[in-house]
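Below: one structure in structure tokens.
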Amino acid sequence: MGIALDDFGAGYSSLARLAPRLTVDNRVQLRWETFCFEALPLIEAALAGPNRPALAFNDHTTMGVLDPSCPLQTRPFDHDPALPVVDMTSAEFAAKMEPRARRSGMEVEAFVALTRAMWQRRPDVLAAIDRAAQAAKAARAPMLSHDDSQAETRDFYRRHGARISEFPMNPTVARAAREAGDWIVFGAPNAARGGSHLGSPGAADMVAAGLCDILASDYYYPAILAAVARLRADGVGTLPDLWKLIAANPAESLGLPDRGRIAVGLRADLVLLEWPEGEVPVVRRTYVAGRSAYAAERRG
């Protein structure tokens, strides 16, 4: 969930303070837009704190100003000097930005002006990425890159310590990540619905090809179980193998070896499902470190 920078520090501190009273172990992923230099002190403070977050590198600024003649899924490395950029003074660009401006509560003209101003930061973005990556390395925090469109992009972020490729935008990048031993993430909603809403690779195809290690909720939490149910029903994999995509592999990739599996000595983070053959699974109970955290009884 994206939040305003002004709210981040207080919210993060409150989460850490309330952690002992909460039912579950809330883990934080810092989804950083690399043109947002203002966030760097907050990122460094969070990484230096007791509840180590993960850090994801996002660049929706470059994606937003990409010339429409260039396919998003195979666009050049985001920091390629030859990257084709749209005319940001055009009516077409203003029309494209209108929905984003509306979501931000801004007038289109002001939003376009802000985008143009942010784009002027591009020469300094590489240094900002290096600064954030160094802080994450010092904290031994896991790092992810988002929407990689070229093997060069994946290589760049791997050199900075990001060993998780989140939503690679074409199979070539996924194969490059696999060959390098990186973790590969696709969206559970993608798998549940049967395809990407952006024209990126289908998660089911990537799972079948051995090019997906993790299914992420992508903000729609019911999709995790729905994806496993559909992939199982479609014969993409066995339940034990599919379950690793939402349990053991996410835990291992994020440096949480005490969870994600049922084994003696681990945390006993458990979910009890009611799952009749051919039906959708329903969560009946969850346990966090062996303690009951949630219970849902049948009606009647």
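Every residue in the range 44-56 that is crowded, with 18+ Cβ neighbours inside 10 Å and free of Cβ contacts under 8 Å to residues at least 40 places away in the same chain, please.
The answer is Ala46, and nothing else.
What tally of residues in the range 14-43 results from selecting those that are closer than 30 Å to Arg122 by Cβ and not in a loop (DSSP other than H, G, I, E, B)?
12
Continuing with this model, one more query. With Ala151, Ala133 as the choices, which residue is closer than 20 Å to Phe37 by Cβ and at pLDDT 95 or above?
Only one candidate qualifies: Ala133.
With the condition kept exactly as written, say whether any residue in the range 242-262 is at pLDDT 95 or above, aromatic (Phe, Trp, Tyr) and closer than 25 Å to Leu144 by Cβ.
Within the range 242-262, one or more residues are at pLDDT 95 or above, aromatic (Phe, Trp, Tyr) and closer than 25 Å to Leu144 by Cβ.
A further question on this structure: With the structure loaded, tell me whether Asp234 is under 26 Å from Leu72 (Cα atoms) and in contact (Cβ under 8 Å) with a residue 12 or more places away in the chain or whether it fails that test.
Judged against the criteria, Asp234 is not a match.
Can you tell me how many residues in the range 241-268 are of a type outside the set (D, E, K, R), over 16 Å from the mean Cα position of the chain (by Cα) and assigned to a helix (DSSP H, G or I)?
Residues flagged as of a type outside the set (D, E, K, R), over 16 Å from the mean Cα position of the chain (by Cα) and assigned to a helix (DSSP H, G or I) within the range 241-268 amount to 3.
Of the residues that sit in the range 171-202 and are outside any helix (DSSP H, G or I) and within 13 Å of the chain's Cα centre (by Cα), which one is surrounded by the fewest Cβ atoms within 10 Å (Cβ to Cβ)?
Looking at residues that are outside any helix (DSSP H, G or I) and within 13 Å of the chain's Cα centre (by Cα), I get Trp183.
Name the pairs whose Cβ atoms lie under 7 Å apart, with the first residue in the range 242-268 and small (Gly, Ala, Ser), the second part of a helix (DSSP H, G or I) and surrounded by 15 or more Cβ atoms within 10 Å (Cβ to Cβ), and 6 or more positions between them or separate chains?
Gly260/Ala248; Gly260/Pro250; Gly260/Ala251; Gly260/Glu252
For the range 16-43, name all the residues that are without any contact (Cβ under 8 Å) to a residue 60 or more places away in the chain and either of a type in the set (Phe, Trp, Tyr) or loosely packed, with under 14 Cβ neighbours inside 10 Å (or both).
Arg17, Leu18, Ala19, Pro20, Arg21, Leu22, Asn26, Glu38, Pro41
Suppose we keep only residues that are in contact with a Phe, Trp or Tyr (Cβ under 8 Å, 6 or more places away or on another chain) and either at pLDDT 95 or above or surrounded by 14 or more Cβ atoms within 10 Å (Cβ to Cβ) (or both) within the range 99-118. Which one would you say is nearest to Phe156 (Cα to Cα)?
Going through the qualifying residues, I end up with Met118.
Identify, by number, the condition in (1) in contact with a strand residue (DSSP E or B) (Cβ under 8 Å, 6 or more places away or on another chain); (2) under 14 Å from Phe57 (Cβ atoms); (3) surrounded by fewer than 23 Cβ atoms within 10 Å (Cβ to Cβ) that Ser165 doesn't meet.
All conditions are met except number (3).
I would also like to ask the following. So how many residues does the range 216-231 have that are surrounded by 20 or more Cβ atoms within 10 Å (Cβ to Cβ), among the small types (Gly, Ala, Ser) and without any contact (Cβ under 8 Å) to a residue 40 or more places away in the chain?
Adding up the residues that qualify gives 2.
Turning to a different aspect of this structure: Please specify each residue of the range 203-221 satisfying the condition of being under 16 Å from the mean Cα position of the chain (by Cα) and outside any helix (DSSP H, G or I).
The answer is Cys212, Asp213, Ile214, Leu215, Ala216, Ser217, Asp218, Tyr219, Tyr220, Tyr221.
Let me ask another. In the range 264-289, how many are surrounded by fewer than 10 Cβ atoms within 10 Å (Cβ to Cβ) and modelled with pLDDT of 95 or more?
2
Tell me the residue from Thr61, Thr74 that is hydroxyl-bearing (Ser, Thr, Tyr) and exposed (fewer than 14 other Cβ atoms within 10 Å of the Cβ), please.
Selected residue: Thr74, the only one of Thr61, Thr74 that is hydroxyl-bearing (Ser, Thr, Tyr) and exposed (fewer than 14 other Cβ atoms within 10 Å of the Cβ).
Can you give me the number of residues within the range 9-60 that are within 18 Å of the chain's Cα centre (by Cα) and farther than 19 Å from Ser145 by Cβ?
Here the count works out to 1.
The values are calculated or read from the model by the stated rules, or taken from the named source; none is laboratory data. Keep in mind that this is a model prediction, so the values were computed, not measured. As a convention, Cβ positions derive from the backbone with ideal geometry for all residues, glycine included, and neighbour counts pool all protein chains shown.
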